[in-house]
Every structure is written in C-alpha cells, then in structure tokens.
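**Q** I have a structure I would like to understand better, so I am pasting it below and will then ask my questions one at a time.
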Amino acid sequence: MDRQKRSSLIGGLMLILIGIWFLAVQLVPDLGRVLGIENAWPLFIIAFGALWLLIAIFTGTPGLAVPACVFGGIGALIYWQNLTHDWGSWRYAWALIPGFAGVGTMLMGLLGKDPAKNLRGGVWTIVISLVMFAVFASFLGGPNVLGSYWPVLLIALGIVMLAQNFFRARG
C-alpha cells in the first residue's frame, strides 16, 4: 500500500474514532463526569497530537510531525493554563506556537525528510519563538527574565539574521 493510501486510511479511522467518542458523549451526557475528564479536556488535544505523530511515523509521512507538535504544544499550554487558571498568559504564550512547529520540523528531519535542512530550520524557528516569548512576556505581564534589556535581545537576533543572510549571499 502506498503512502497516500495509508495516510487516507489512517485519517479516515481517526475521524471515525473521534466521531464515536463525540457520539458517545452526546448519548451518555454523564460520561465525561464518570471518567473524570471535565478538567482534563486539554489532554485530548495532546492525545490528538500524539496520534498524528504516530501516524507520521507508521505511515512514513514525516510532514505530519509539524501539525502533531503544534497540536500537542497547544494542548500542553491549555492544560497548564487550565491547572493554574492563568488564562491571561495567552498575551505572550502564543509566541511559543512557532516553536512547536520548529520541534515538528526537527522531528520531520529525524524521520528522514531532508534531515540537515529541517534540523537547522527547526532550531532557528525554536530560537526565534523563544526570543519572541521572552520579549512579549517581559512587557505583557509574564515572567520578566530579561528585565528592561529585552530590546537588546531583539537587536542581537536581528544582527545574527542579517549576518547569516550576508554570509549566505557571499558563499
């Protein structure tokens, strides 16, 4: 069976399983309370991401690692916010989402799709995401790890990006 057929087959099975779950919750309204998932609903988002990652691995479609990591990362953020009731942290936590895509890009490289390029691109995406998180958190009420010097981080990142572009153009 070729890669596209396997992906379609597994995607269809995923939709069926998700549909069965939602149908069961509608037919048995107390199911969520009985299973104790009222406050653990973000775990379903994490599980959905993990399922996509397994599909990426077992069907040989490394590109699915990127959305898998984005789903899993957002699920983890929401789970943390649900536990701490710090929903206001979305003001700066959104900056981590490109980093989740960077992790997925690295995994895509490790799963065999242009490893060197994807590992390098994933690391850069993670670095930029962490810089954005630190900068936005510093002035939007999050952890202020940079103090009043957060603009220096932006300047340094800009210089690195310009230097990298300059050396790439010359080489």
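**Q** Answer yes or no: is there a residue in region 15-26 that is surrounded by 13 or more Cβ atoms within 10 Å (Cβ to Cβ), touching a helix residue (DSSP H, G or I) at 6+ places or on another chain (Cβ under 7 Å) and at pLDDT 80 or above.
**A** no
**Q** Give me the pairs, please: first residue somewhere in region 80-95 and farther than 22 Å from ILE128 by Cβ, second residue anywhere and exposed (fewer than 12 other Cβ atoms within 10 Å of the Cβ) and at pLDDT 90 or above, beta-carbon distance under 8 Å, and either six or more positions apart or on two chains.
**A** Qualifying pairs under 8 Å: GLN81/TRP87.
**Q** What is the one condition in (1) modelled with pLDDT of 90 or more; (2) surrounded by fewer than 19 Cβ atoms within 10 Å (Cβ to Cβ); (3) aliphatic (A, V, I, L, M); (4) under 22 Å from LEU13 (Cβ atoms) that LEU54 does not satisfy?
**A** Going through (1) modelled with pLDDT of 90 or more; (2) surrounded by fewer than 19 Cβ atoms within 10 Å (Cβ to Cβ); (3) aliphatic (A, V, I, L, M); (4) under 22 Å from LEU13 (Cβ atoms) one by one, LEU54 breaks only (1).
**Q** For a quick check of your reading: which helices (runs of 4 or more DSSP H) sit entirely within region 91-171 and have at least 2 residues that are at positive phi and more than 19 Å from the chain's Cα centre (by Cα)?
**A** none
The values are calculated or read from the model by the stated rules, or taken from the named source; none is laboratory data. For clarity, every value in this text was computed on a predicted model and none was experimentally measured. Positions of Cβ are backbone-derived with ideal geometry, glycine not excepted, and every protein chain shown enters the neighbour counts.
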